[in-house]
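**Student:** Questions regarding the structure given below will be posed in turn.
The values are calculated or read from the model by the stated rules, or taken from the named source; none is laboratory data. Model, not experiment: these values are computed from the prediction. Glycine gets a Cβ as well: all are built from the backbone with ideal geometry, and neighbour counts include every protein chain shown. Ligands, DNA and RNA are stripped out before the accessible areas are found, and what is left, the full protein with its side chains, is counted by its heavy atoms. Shrake-Rupley method; radii C 1.70, N 1.55, O 1.52, S 1.80 Å.
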Amino acid sequence: MGFLGSSGITLVNTVGGIYLLMLLLRFLLQIARADFYNPVSQSIVRLTDPVVRPLRRVIPGYRGIDFATLFAALAVQAAIIVALIAMSGYNPQPIGKIVSWAFVGNLLFIINIYYYAIIGSIIMSFVMMFSGNPMPHPLLQLIWQLTEPVMAPVRSIIPAMGGLDFSPIVIFLGIQFLQNFIIQTFGITIQMANVIIGV
């Protein structure tokens, strides 16, 4: 593979991964009932509307679940996989396998989003504590709104001890177990990891 080929793969991975992140964040923030008027939320909506809005005409939502956004994320992941397979010189794969890989990739991507969001919330909480600024950044507000539906149930079972919140540790262990379970169940190989965003 030449310089142009590797550069193309890097470009598809980067641009495709960022846009897929926006789609999955839009989906997760809607489920978490995050603040729609948050400037970060507004930016995500504006970036993803050209893809999601047309799909909403044919794919309705149900009980607050935006299936149009979820379908868009699945389609984008599948398109990235097809492009990366072709650019990497791998053999073409059946459409059923592409769809299943896209599903697994998005599932692992969502898990990674929560993993890094929880780390981000911990770090930014310490920054807020020592900065003396009583008003959290809009991004921090959004991270809190995203992670709280996951953290709150664990926190209710394992309360803070001595002022320390151990719920993130439990969630990190759960995430590690879930990642390993998915990778082993679907038999994720190195070749698959090279073409699936989020693995």
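**Student:** Determine which member of the set 119, 158, 123, 95 is over 26 Å from residue 34 (Cα atoms), among the aliphatic types (A, V, I, L, M) and open to solvent by 30 Å² or more (accessible area, probe 1.4 Å).
**Tutor:** Working: 119 fails: over 26 Å from residue 34 (Cα atoms); 158 fails: over 26 Å from residue 34 (Cα atoms); 123 fails: over 26 Å from residue 34 (Cα atoms).
Only one candidate passes the filter, namely 95.
**Student:** Of all residues being at pLDDT 90 or above and among the β-branched types (Val, Ile, Thr) in the range 60-90, which is most open to solvent (accessible area, probe 1.4 Å)? Just the residue, please.
**Tutor:** Out of the qualifying residues, it is 82.
**Student:** For residue 34, which of the numbered conditions (1) touching a Pro at 6+ places or on another chain (Cβ under 9 Å); (2) outside any helix (DSSP H, G or I); (3) of a type outside the set (S, T, N, Q) fails to hold?
**Tutor:** So residue 34 meets the others, but not (1).
**Student:** Only one of 71, 166, 103 is closer than 18 Å to residue 189 by Cβ and not charged (D, E, K, R). Can you tell me which? Reasoning before the result, please.
**Tutor:** Details: 71 fails: closer than 18 Å to residue 189 by Cβ; 166 fails: closer than 18 Å to residue 189 by Cβ.
Criteria check complete, one pass: 103.
**Student:** Still on this model: What residue, of 156, 100, is small (Gly, Ala, Ser) and in contact (Cβ under 8 Å) with a residue 12 or more places away in the chain?
**Tutor:** 100
**Student:** Also, I was wondering about something else. Would you mind telling me which numbered condition in (1) within 29 Å of residue 137 (Cβ to Cβ); (2) at pLDDT 90 or above; (3) open to solvent by less than 60 Å² (accessible area, probe 1.4 Å) residue 39 fails?
**Tutor:** Going through (1) within 29 Å of residue 137 (Cβ to Cβ); (2) at pLDDT 90 or above; (3) open to solvent by less than 60 Å² (accessible area, probe 1.4 Å) one by one, residue 39 breaks only (3).
**Student:** Can you tell me which residues in the range 161-178 are closer than 17 Å to residue 119 by Cα and open to solvent by less than 80 Å² (accessible area, probe 1.4 Å)?
**Tutor:** If the condition is that a residue be closer than 17 Å to residue 119 by Cα and open to solvent by less than 80 Å² (accessible area, probe 1.4 Å), then 165, 166, 167, 168, 170, 171, 172, 174, 175 are the ones that fit.
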